[in-house]
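K.L.:
Below you'll find the structure I mean.
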Amino acid sequence: MELGTASALVALSNDIAGTIERASGAVVAVEGGGRFSTSGFYIDSNHIVTSDHAIDDDDETVEIVHADGMSEQAKIVGHDGSTDIALLRSNRAASVVLDHAPGDDLRVGSLALALARDDDGDLAATMGVISALGAAWRTWRGGELDRFIRPDLAISPRFSGGPLIDVHGRIVGMNTWGLSRRNALTVPTSSIARVVASLASGKRVARGYLGIAMQSLELPEALANTAKVEPGGGVIALGVESGGPAHRGGLIVGDIIVALDGKRVNEGDDVTSLLGTGSVGRDVALTIIRGGGAHELHVTVGERPHHDR
């Protein structure tokens, strides 16, 4: 290897290590009640964001571990399972609060760094690239994210809740395993800011609710033909909450939902994804199969109860 090339690699290595070191003061370990512990990071002088899936439903506080190995019980200000964001309040002022990377700086192939801490406060980091970018999308739990970001990084569950940063040390978003069954994804900073603003003001992020227990199924071809609907999947109502939105709209056990507001429903996740934060209070049309025929019901979407994350 030529001397100039070696010097350039050493300089790059030192730059990356320096960026990680400067950003590391913002990162904490989060010892939640889930199967795996996760990480979090300061977004202002006293508030920390982390993955909601690491927090037990009934907890009021959660243990966090700082860079110096000292731990504390941080108050859980609020959480939103639909975007996998939980907001914590620390008693210790942040030593570092990172700037946000401009969204228009992101490109497929851009270098990115993920940071995490273990329960002793030791830092971990991994480097890769942004492998995919996309438009705004809705999570399988109905959360609305401003952009699809998928990093190509070796991210273990410990990195959930930790920051993804660019080579300048600016936050791109929060890494999480809670929004995909296949890949770690990154919640963009703009979405974090929007959700945190609601949680910090004492408001919950309202999500749509029909009040039904459902199971996905594949429509028998004969039933699809008889009901005059396109072949494919659907969801059958196994239970309907008495007095709930669907019950008031006329849905009964055994009805098969095949469309919501004209959009085909093939499985339960399709229903959830169509009931985002903007759906609460809205009248929606359910296309159902009952008695071998297709019918339309109108349901006013309710708000998912607080305990149902």
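The values are calculated or read from the model by the stated rules, or taken from the named source; none is laboratory data. Everything quoted here is computed from the prediction, not taken from an experiment. Cβ sites come from the backbone with ideal geometry, for glycine too, and all protein chains shown count toward neighbours. Heavy atoms of the whole protein, side chains included, go into the accessibility calculation; ligands, DNA and RNA do not. Shrake-Rupley method; radii C 1.70, N 1.55, O 1.52, S 1.80 Å.
K.L.:
Can you pull out the residues in region 112-136 that are open to solvent by 40 Å² or more (accessible area, probe 1.4 Å) and closer than 14 Å to Val167 by Cα?
P.N.:
Ala125, Met127, Val129
K.L.:
Could you pull out the residue among Gly103, Gly109 that is within 17 Å of Gly173 (Cα to Cα), open to solvent by 10 Å² or more (accessible area, probe 1.4 Å) and at pLDDT 90 or above?
P.N.:
Details: Gly103 fails: at pLDDT 90 or above.
Selected residue: Gly109, the only one of Gly103, Gly109 that is within 17 Å of Gly173 (Cα to Cα), open to solvent by 10 Å² or more (accessible area, probe 1.4 Å) and at pLDDT 90 or above.
K.L.:
State whether one or more residues within region 151-168 are more than 14 Å from Phe41 (Cα to Cα) and under 12 Å from the mean Cα position of the chain (by Cα).
P.N.:
We begin by selecting, within region 151-168, every residue more than 14 Å from Phe41 (Cα to Cα); these are 151-157, 166-168.
If we keep only those that are under 12 Å from the mean Cα position of the chain (by Cα) too, we end up with none.
No, every residue in region 151-168 fails to be more than 14 Å from Phe41 (Cα to Cα) and under 12 Å from the mean Cα position of the chain (by Cα).
K.L.:
Answer yes if at least one residue in region 94-109 is among the β-branched types (Val, Ile, Thr), closer than 13 Å to Gly161 by Cβ and in contact (Cβ under 8 Å) with a residue 40 or more places away in the chain, and no otherwise. Talk me through it step by step, then tell me what you get.
P.N.:
Of the residues in region 94-109, the ones among the β-branched types (Val, Ile, Thr) are 96-97, 108.
So of that shortlist, the ones also closer than 13 Å to Gly161 by Cβ come out as none.
No, because not a single residue in region 94-109 is among the β-branched types (Val, Ile, Thr), closer than 13 Å to Gly161 by Cβ and in contact (Cβ under 8 Å) with a residue 40 or more places away in the chain.
K.L.:
Considering every residue within region 71-80, establish whether at least one is open to solvent by less than 90 Å² (accessible area, probe 1.4 Å), touching a Gly at 6+ places or on another chain (Cβ under 6 Å) and either within 21 Å of Gly143 (Cβ to Cβ) or among the aliphatic types (A, V, I, L, M) (or both).
P.N.:
Checked region 71-80: no residue is open to solvent by less than 90 Å² (accessible area, probe 1.4 Å), touching a Gly at 6+ places or on another chain (Cβ under 6 Å) and either within 21 Å of Gly143 (Cβ to Cβ) or among the aliphatic types (A, V, I, L, M) (or both).
K.L.:
Further, regarding this structure: Under the condition of being at pLDDT below 90 and open to solvent by 60 Å² or more (accessible area, probe 1.4 Å), which residue from region 209-219 is nearest to Gly249 (Cα to Cα)?
P.N.:
Per the stated criteria, the residue is Met214.
K.L.:
Take the residues in region 191-208 that are closer than 15 Å to Leu274 by Cα and crowded, with 21+ Cβ neighbours inside 10 Å, then tell me which one is modelled with the lowest pLDDT. Reasoning before the result, please.
P.N.:
Taking region 191-208 and keeping what is closer than 15 Å to Leu274 by Cα, we get 206-208.
In the following step, the residues that additionally are crowded, with 21+ Cβ neighbours inside 10 Å were identified as 207-208.
Working: Arg207: 72, Gly208: 79.
This residue is Arg207.
K.L.:
Restricting region 169-190 to residues that are surrounded by fewer than 17 Cβ atoms within 10 Å (Cβ to Cβ) and of a type in the set (Lys, Arg), which is farthest from the chain's Cα centre (by Cα)?
P.N.:
Arg182
K.L.:
Can you tell me which residues in region 159-212 are of a type in the set (Gly, Ala, Ser) and in contact with a strand residue (DSSP E or B) (Cβ under 6 Å, 6 or more places away or on another chain)? Step through it out loud before you land on a result.
P.N.:
Step one: filter region 159-212 for residues of a type in the set (Gly, Ala, Ser), giving 160-162, 169, 173, 178, 180, 184, 190-191, 193, 197-198, 200-202, 206, 208, 211.
Scanning region 159-212 gives Ser160, Gly161, Gly162, Gly173, Gly178, Ala184, Ser191, Ala206.
K.L.:
A follow-up question, please. I need a count of the residues in region 227-284 that are of a type in the set (Gly, Ala, Ser), open to solvent by less than 10 Å² (accessible area, probe 1.4 Å) and part of a loop (DSSP other than H, G, I, E, B).
P.N.:
2
K.L.:
Just need a number here: residues in region 87-108 that are within 14 Å of His66 (Cα to Cα) and basic (Lys, Arg).
P.N.:
Going through region 87-108 one residue at a time, the tally reaches 2.
K.L.:
When you go through (1) modelled with pLDDT of 95 or more; (2) closer than 20 Å to Ala67 by Cβ one by one for Gly173, which number turns out not to apply?
P.N.:
(2)
K.L.:
Can you pull out the residues in region 31-42 that are over 9 Å from Gly162 (Cβ atoms) and modelled with pLDDT of 95 or more?
P.N.:
Once the filter is applied, which keeps residues that are over 9 Å from Gly162 (Cβ atoms) and modelled with pLDDT of 95 or more, region 31-42 yields only Tyr42.
K.L.:
Right, another one. Within region 42-70, track down each residue that is more than 20 Å from Val96 (Cα to Cα) and surrounded by fewer than 17 Cβ atoms within 10 Å (Cβ to Cβ).
P.N.:
Residues satisfying the conditions are Asp56, Asp57, Asp58, Asp59, Glu60, Thr61.
K.L.:
Looking at Leu106, Leu115, can you tell me which residue is within 19 Å of the chain's Cα centre (by Cα) and at negative phi? Spell out the reasoning first.
P.N.:
Numbers: Leu106 fails: within 19 Å of the chain's Cα centre (by Cα).
Exactly one residue qualifies, and that residue is Leu115.
K.L.:
Let me ask something else. Among the residues of region 179-223 satisfying the criterion of being touching a residue at least 60 places away in the same chain (Cβ under 8 Å) and in a strand (DSSP E or B), which is nearest to Gly292 (Cα to Cα)?
P.N.:
In this case the residue turns out to be Tyr209.
K.L.:
Name the residue that is farthest from Leu179 (Cα to Cα), counting only residues in region 81-100 that are crowded, with 19+ Cβ neighbours inside 10 Å and of a type outside the set (A, V, I, L, M).
P.N.:
Looking at residues that are crowded, with 19+ Cβ neighbours inside 10 Å and of a type outside the set (A, V, I, L, M), I get Ser90.
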